[in-house]
Structure formats: structure tokens, C-alpha cells
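Shown next, in C-alpha cells, is the structure this report addresses.
Bear in mind that the values in this text are calculations on the coordinates, not laboratory data. Given the structure is predicted, the values throughout are model-derived calculations rather than measurements. Because the Cβ atoms are built from the backbone with ideal geometry, glycine has one as well, and the counts that use them run over all protein chains shown.
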Amino acid sequence: MPYSPPPRARSGPRRRTLLASLAGATALLTGCSAGSSPAERAASAATRARARAARDSTDLLARYDAVLDAHPALADRLSPLRAAVAAHRDAFGGTDDDKAKQSGKTRKSPSPVPTASADRKEALTSLALAERTVADRRAAALLEVPGELARLMASVSAAGSAHAYLLTEAAK
């Protein structure tokens with residue numbers, strides 16, 4: 001049985017090593033050219049979430065105003081809830097100027113100005129649904145925002161759920 005010499009060792013890097021290095025360099029260059037660090041992206045996500053929450057509160061205020069205009073007799077019941085929504089808007093950095101934005105003067109795609117049903121029960125049910133929808137959206141966003149904003153969103157989401165409950169009970 002003849003003895004065969006061991007396979008000749010290649011000199012230099014292997015093809016797999018070169019491909020892996022090339023892929024790593026490409027990923028590194030792509031990451032650098034994006035121009036933002038993970039901290040900057042997180043801050044940007046938090047800024048977007050805060051702005052969205054302020055817009056949602058502004059939209060809820062418009063809904064409250066529409067129901068109050070259609071049903072002035074509900075002022076005693078709705079005024080405290082509306083005041084809380086205004087405080088939420090302010091906590092997220094929204095302002096009274098947001099009302100002008102909602103009318104479409106500065107927003108790209110304005111929300112339609114809400115109208116309330118002439119039926120008291122339907123108007124309260126619609127308002128409760130809007131509160132619940134916003135509360136659910138804020139609860140879902142908790143995982144994407146940093147600590148202090150997450151705590152604020154959790155608190156406001158819980159308040160929105162309580163508002164939805166109270167509005168649902170009032171509609172009965």
C-alpha cells in the first residue's frame with residue numbers, strides 16, 4: 001500500500017474567510033453610512049411616539065368637543081374626562097396650537113373634523129371606542145420607547161381605559 005503524502009496546505013486566507021470578511025466589512029460600512037447610532041435611533045423613535053401620542057390626545061379632544069357641542073347636557077359628566085385628555089396632550093408635548101394643525105392648515109393629511117351622533121348613547125359609545133383605541137395603541141407602543149416615556153404612556157393608557165369604561169357605563 002503506497003503512502004500518499006498529506007494534502008498540501010494552502011498558503012494565504014481561505015475563500016470562506018475572505019467572504020466572511022467582505023460581508024463583515026460591508027455591514028460595518030453600511031452601519032456607518034446610516035449616520036445614526038442605536039441611541040439616536042431610539043431617541044428618534046421616542047420623539048415619534050411622543051408626537052403621535054400628542055396628536056392622538058388632540059384628536060380625542062376634538063371628539064370630546066364634538067360630543068359636548070351636540071349634547072351640552074353631558075358637560076358635567078364629560079368635562080373632567082376632557083380636562084384629563086388635555087393634560088395628557090400637554091404631558092406629551094402637545095399644545096393648543098395642535099387644534100390649528102388638526103384643521104388641516106399645517107398637517108399633511110388632516111384628520112376629518114369629528115362630528116357626534118345626535119343620539120346620546122351613540123355619541124358616548126363612539127367616544128368610548130375612540131378612547132379605547134388610543135389606549136390600546138399606547139399600550140402597544142410601550143415596548144418601543146425608553147423608560148420614562150414608557151411609564152408616562154402606561155399611565156395615560158390606563159387612564160384612557162378608565163375613561164372608556166366610564167363612557168361605556170354612561171351610555172347604558
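So the values come out like this:
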{"quantity": "Net lengthening on full extension, SER117/GLU144 (0.36 nm per residue, minus Cα-Cα)", "calculated": "6.2 nm"}
{"quantity": "Order by protection proxy (mean Cβ within 10 Å, highest first), peptides 148-161, 50-63", "calculated": "50-63, 148-161"}
{"quantity": "Ranked packing of 114-121, 64-71, most packed first, by mean Cβ within 10 Å", "calculated": "64-71, 114-121"}
{"quantity": "Prolate/oblate/rounded label for region 108-160 (Cα gyration tensor, a/c 1.5)", "calculated": "oblate"}
